[in-house]
1. Can you tell me the orientation of helix B:71-84 relative to chain B, as the angle in degrees between its alpha-carbon axis and the longest Cα principal axis, to the nearest 10?
2. List the residues whose amide H sits under 5 Å from the amide H of C:Ala292, counting only those 5 or more places along or on another chain, with H placed 1.01 Å from N in the peptide plane.
3. I need the inter-copy label distances for C:His51: point set 7 Å along Cα to C-beta, values in nm with one decimal, smallest first.
4. For B:Ser162, place a label point 7 Å out from Cα along the Cα→Cβ vector, do the same in each other copy, and report the separations in nm, one decimal, smallest first.
5. Using a basic spin-label model with each label point 7 Å from the Cα along Cα→Cβ, how many nm lie between B:Ala231 and A:His17?
6. Which whole-number percent is the relative contact order of chain C (Cα, under 8 Å, 6+ apart)?
7. In percent, how large is the relative contact order of segment C:210-322, given Cα pairs closer than 8 Å and 6 or more residues apart?
8. For A:Asp28, go 7 angstrom from Cα along the Cα-to-Cβ vector, then report the distances to that same point in the other copies in nm, smallest first.
Number of protein chains: 4
Amino acid sequence: MLSDLDIAQAARLRPIHAVAADLGLTDDDIERYGRNIAKIDLAVLQRLTDHPRGRYIVVTAITPTPLGEGKTTTTIGLGQALARLGKRSVVTIRQPSMGPTFGIKGGAAGGGYSQVVPMEPFNLHLTGDIHAVGAAHNLLAAMIDNHLHHGNRLDIDPYTVSWTRVVDISDRALRQVIVGLGGKENGPVRQAQFDITVASEVMAILALTTGLHDLRQRLGRIVVAHTRDGAPVTADDLRAAGAMTVLLKEAIKPNLLQTLEGSPALVHCGPFANIAHGASSVLADLIGLHCADYVVTESGFGADIGFEKFCEHQMPRLGSGA
Amino acid sequence: MLSDLDIAQAARLRPIHAVAADLGLTDDDIERYGRNIAKIDLAVLQRLTDHPRGRYIVVTAITPTPLGEGKTTTTIGLGQALARLGKRSVVTIRQPSMGPTFGIKGGAAGGGYSQVVPMEPFNLHLTGDIHAVGAAHNLLAAMIDNHLHHGNRLDIDPYTVSWTRVVDISDRALRQVIVGLGGKENGPVRQAQFDITVASEVMAILALTTGLHDLRQRLGRIVVAHTRDGAPVTADDLRAAGAMTVLLKEAIKPNLLQTLEGSPALVHCGPFANIAHGASSVLADLIGLHCADYVVTESGFGADIGFEKFCEHQMPRLGSGA
Amino acid sequence: MLSDLDIAQAARLRPIHAVAADLGLTDDDIERYGRNIAKIDLAVLQRLTDHPRGRYIVVTAITPTPLGEGKTTTTIGLGQALARLGKRSVVTIRQPSMGPTFGIKGGAAGGGYSQVVPMEPFNLHLTGDIHAVGAAHNLLAAMIDNHLHHGNRLDIDPYTVSWTRVVDISDRALRQVIVGLGGKENGPVRQAQFDITVASEVMAILALTTGLHDLRQRLGRIVVAHTRDGAPVTADDLRAAGAMTVLLKEAIKPNLLQTLEGSPALVHCGPFANIAHGASSVLADLIGLHCADYVVTESGFGADIGFEKFCEHQMPRLGSGA
Amino acid sequence: MLSDLDIAQAARLRPIHAVAADLGLTDDDIERYGRNIAKIDLAVLQRLTDHPRGRYIVVTAITPTPLGEGKTTTTIGLGQALARLGKRSVVTIRQPSMGPTFGIKGGAAGGGYSQVVPMEPFNLHLTGDIHAVGAAHNLLAAMIDNHLHHGNRLDIDPYTVSWTRVVDISDRALRQVIVGLGGKENGPVRQAQFDITVASEVMAILALTTGLHDLRQRLGRIVVAHTRDGAPVTADDLRAAGAMTVLLKEAIKPNLLQTLEGSPALVHCGPFANIAHGASSVLADLIGLHCADYVVTESGFGADIGFEKFCEHQMPRLGSGA
């Protein structure tokens, strides 16, 4: 019996512009990242705004388990099946964290003959979106400590800083740290935390945003701490949101890959279902709905958590943004 | 008078495959990253191994200053001038760290009418190479603490761990930290450091390597600590080098951009001249030497440091690898 | 109306040898500490072993409050009243921590015309017993980290070290600390705690011991950590108990002071009622029972906690040791 | 051959009041601490102010060594010899730290037949002076962090806090610590140090003071930190000096012990010669000069450091205070 890896590596991939063409997208609509991956320009949404909307299929599961339940495999398989039936279908799934990639759970690209390919970039850097999220997240973190260091004009209470730093590796030693040691130049000394990048609020925001302007607004409203008087301190107060948006300019664009059978697969964002809404991005779903007859997506974790958040956060935005 | 940014944004860029064609490279030799950036496949080196070698021009400067001395601007201008004279020329320069991008020194793409474009991706993520270096570096760091945590089979003396973590942001609070707090699950508790990613030894290795196999060997020989008996502990001892190499599979390929006048510019690696050799990569130079009549490159920092290291480390590898 | 301090300072104190004489103790039985304080030699117990035993009166209270309930004042007043009635009476109370002395609760010497004097030494160093407890406690703590530093022959799991350090000042900054920083010579780095000295297990042991030999045994059995295999590590395993006993050689002897009306008051130990049994020492009570007709003592905190522990820990020892 | 300990334990000690009588001191002039130790009341100085002054003999040595050079042994022997010659002599020496007591150097009570006795209390708590110095020192330290915690009214720059904490044990793990962890209630988080108690500036001050009022003034002038504007912050600014003085009320009085031949020995203070002036106290010397024909003292470390500081700091105060 062949392993997932064997099957994925044996796959003969279609050129990505051909996959894009299945969705009615031209070379001007995509930016290639190598031969089999492309980012989709958001301008597509304006161009297709009057296009009829496809149908929306959500795969969920009742009980989450440490080893997963097969939601992604089912989602991809369903997309492939619809395509084989001659329907214009697209699957929208999340990009996995590199952390678990080196752990037990394995890749998040599906399994067996129901996978998204190419497998290796999918499981590693892909087009760098997670790195960009990490850079934006950590820029804000650095600006907080920098603000404390330079006189703390906003009168931030250092003990209320809830904005962590992130790293895209499972690194237990960074979970709880003390930062700012080594003297006045590096201070203030603080207890601090690192999370895994996909758990960042920036990742959740990226998944829920409907465009660059909306992203800029949402980032600016992030609350990172409170003043000694109890007032919230936001990324806008620290003048961080503009630079964060610049860092996310490419990451906001969904990535186009393909299933093992060559039908389109949109891969975008990776919000942790246990703390965020746990579905792929609103933008990926919107593009799918405008370009295909069927969009098959999944909502993370068990139905009790993931599907509820999906209905509350993901669904409304699809309507308003379309 | 127009600013560097005005000039760069007003530039009309040639499609990257046309720029590649000037170097005798076909669509099969490159992997596009968007419209104006491509990675060059290392297989090119095998194909062109018998190709006559171009000439090699090194720009250096006597005295380093905090604001730079114009080495990159001169390098790019020289490349443009040679191209205008009808010569097949290519410039090879380093990718800047994002950290200083938000600081005083500004971009590292040259200046005035002597710039590499597109400017924005050049100064930000580009094709994700620095992120990949950071991921490989931090994976090794996590594996060290993980090894200490799981019984320390190699008998590493924790006080000898010289391998830091890295972040691609100027973050003073991370310069000196304590990691491993929060109880046994996160331990051991250690004093540790963060460097900026471009200062990573992985970056220096990537710039000096002559191929994927050589990279794997060099990564494996990195010394990260010593045992209590004083024996060196390497990345190979920790079985980290294989995964690190996988993470660097794309980053090893030089990036093709263009000058403001449309001539080819290879952008690769960003080793810190004050601690490493401070020049673009051996692989970028090799590709340039096989594909062009003139390769204009620069050696970082002052001639007393940068040029000396250039002659000692960069030059010999060009010969042996060609 | 006069304050407690006014009343205490206006008191005319009897020479301490005269107070001792009331208890049938000669100059050979006591060691003077200044004019109005003496330590009682434990040899007294052997000499008086066949002496008839006095009666034992315990003062307790139902509900503890942050400001106290007046147990000590009642205890002292009762001792004074019995003496005025012509009975040979002695009160046994605890020595207060210096920490709260500088806080709101004020002294622990009683109040009004029901106080133990001299007030100032009572509330400060007295005869140095608390300092000795602190020195013994911290010696053991230093020997633990020293053991970890020098190869950890006992294979102590550093995360199981439950032995804190102590300080006799309310010092919030020391509650949670990281020790062992500054390099290998000072290591290992560990999260650690400081308690207030009177909360030390050494203080509880000193209050419950029946003699120097018993003290040595009890100190040796203190569990300070566990091995990686889960076996308990004791002060004897670290060879600390002998030196600790030497440091407590004087502290084991009860201190003789007087009430405002000149009747004898034994002041000894200061175990925290909320974590220990919260009564003065077994040795002070035993001496009192052999030398007086009535011993009035108190059990700390509310009756539900303090009196229960008193009956369980203090009472049995009085019988067996007598 | 008998050890120092054998000799010291075999000694038959004179009652301390008899030793005091040799110096012309009555029972009213001393406060006994057990049978063989007494503190001398400072009122003695007023009473004897017109008394003729004795001669002052300083023992020093050229080169300090890790094992000592025998200065104390010579000092004590000289005092004994003068007494045997029928002269009224007294030796003044320092009290040793308990830290080194458990180390290699052994006691500091002299050696052979030239010792100060009783040996054990001399080497341990004696009359609690070092504990009192530690308590005063640590009270000031706690008040600094408490001040930072409660709004920092004085605008102290936390990085300028030069006042350490102290412990009277050789405890390597405390040399460099981080304090203030565990949340806002315990903060601020700071890098801090512990010294050994005898290295405290409070100890140096106690050795140089000429009386309680002078002590209060000197303690108040201790500089513990600087404001953000660079102004010094003193113990008086923190209102700590009063409480510190109270804690030192007994420690300011010199301790009277005896040599093996029964002649008087004043033991007081223990300033570290390598950082302070390294001689016994001005007050002990002054009392000696008023009560005896010959005062034999020593200046710590080598003559190049200790004797020079002795002449500069100790000598002038003897004149002015007499």
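Read-outs: derived from the displayed coordinates by stated rules, not from any lab. Source: prediction; values computed, not measured. Note that each Cβ is placed from the backbone with ideal geometry, even for glycine, and that neighbours are counted across all protein chains shown.
1. 40
2. It is C:Gly54, by chain and number.
3. 4.0, 10.3, 10.7
4. Spelled out, the distances from B:Ser162's label point are 3.5, 4.2, 4.3 nm.
5. According to this spin-label approximation, the distance is 5.6 nm.
6. Values: 647 pairs, mean separation 92.4, N = 322.
Here the relative contact order equals 29 percent.
7. 18
8. Label-point separations across copies, in nm and ascending: 3.1, 11.3, 11.6.
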